[in-house]
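The values are calculated or read from the model by the stated rules, or taken from the named source; none is laboratory data. Being a predicted model, the structure only gives us computed values, none of them experimental. Neighbour counts run over all protein chains shown; Cβ positions are idealised from the backbone, glycine included. Heavy atoms of the whole protein, side chains included, go into the accessibility calculation; ligands, DNA and RNA do not. Shrake-Rupley method; radii C 1.70, N 1.55, O 1.52, S 1.80 Å.
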Amino acid sequence: MRRKLIVGNWKMNGSIASNQLLLQGIVAGVKNLPHADYVLCVPYPYFHQAQTLLQHSNVAWGAQNLSANEDTALTGSVSPSMLVDYGCTYVIVGHSERRILSHETDDTAAARFNAALKAGLTPIFCMGESKEERESDWTEYIVGRQLDSIIRRFGANLLSKAVLAYEPLWAVGTDTPATPAQAQEVHQFIRKRIARCDAEVAAQVRILYGGSLHPNNAKAIFAMPDIDGGLVGRCSLDAQAFVKICQSIQ
Ligand code: PEP
């Protein structure tokens, strides 16, 4: 039985003052919700604040990206061991916004995935197709290629130490979530593709859905057999909305 997982992705939002209320609201709201795991991926400058406010709670914290390198001349980058220093346990890898805006490729995402695992972090590896790709019936080709970029390099076995996230680009940051059936179809495809290499890993790996998750649609999406929780963007910036999404699992 896979334990559900809800991850908040704050993206480039927050301030010391507003984070305080948000973190306290989320901690209070999920403290009596023992049936799932919770993670907040915050911007780098707020790690210390997240660590201080979350360390005695049932909410873990993580990052939204990491360098694939350690201790080197890479101005502006943050290494895996720096995340570990701040008690991070998760890191998002290959988010569509980074693939599009920061020229992340399958190769660079795979290198970050590997670096995260080597540092003892759990990568949350994002995959998803654009609207045009879906309309051209390329969803399985695109998602399959992104998944294979990890399996081919490292083997399916390493996926047992990771979390996967299906995030259709047309649903991220829009008001057009996938329907539960659309999301389930792709999650099932991902699981079956992993099962071709390793049935045990396929049965145990958590696959999250992300893209316009909201208190109104979370319950139906989380009820799908291959959906193990969610990656939540905008609604993770509102404690009440995020907690409602978490409650829809109970
Ligand atoms: C995300 O940032 O990964 C995301 C899913 O955003 P939103 O929930 O706002 O669509």
| field | Residue in region 157-185 that is nearest to the ligand (Cβ to nearest atom), counting only those that are free of Cβ contacts under 8 Å to residues at least 60 places away in the same chain and among the charged types (D, E, K, R) | value | Asp175
| said: Can you find, within region 68-98, the residue that is nearest to the ligand (Cβ to nearest atom) among those that are outside any loop (DSSP other than H, G, I, E, B) and either without any contact (Cβ under 8 Å) to a residue 12 or more places away in the chain or open to solvent by 70 Å² or more (accessible area, probe 1.4 Å) (or both)? | reply: Arg98
| query | Any idea how many residues of region 131-156 are under 27 Å from Met12 (Cα atoms) and either within 16 Å of the ligand (Cβ to nearest atom) or not in a helix (DSSP H, G or I) (or both)? | reply | 3
| said: Checking the conditions here, which among Lys192, Lys219 is within 17 Å of Asp37 (Cα to Cα), open to solvent by 10 Å² or more (accessible area, probe 1.4 Å), assigned to a helix (DSSP H, G or I) and away from the ligand (no atom under 14 Å from the Cβ)? | reply: Lys219
| Unmet criterion (only one of (1) within 18 Å of the chain's Cα centre (by Cα); (2) open to solvent by 10 Å² or more (accessible area, probe 1.4 Å); (3) at pLDDT 95 or above) for Val205 | (2)
| query | Which condition does Leu164 not pass, out of (1) under 18 Å from Ser96 (Cβ atoms); (2) outside any strand (DSSP E or B); (3) at pLDDT 95 or above, if it passes all the others? | reply | (2)
| request: Tell me which of these Ser236 doesn't satisfy, since it passes every other one: (1) assigned to a loop (DSSP other than H, G, I, E, B); (2) among the hydroxyl-bearing types (Ser, Thr, Tyr); (3) under 25 Å from Gln20 (Cα atoms). | output: (1)
| note | Residue count, region 1-37, condition open to solvent by less than 70 Å² (accessible area, probe 1.4 Å) and under 15 Å from Asp238 (Cα atoms), comes to 19
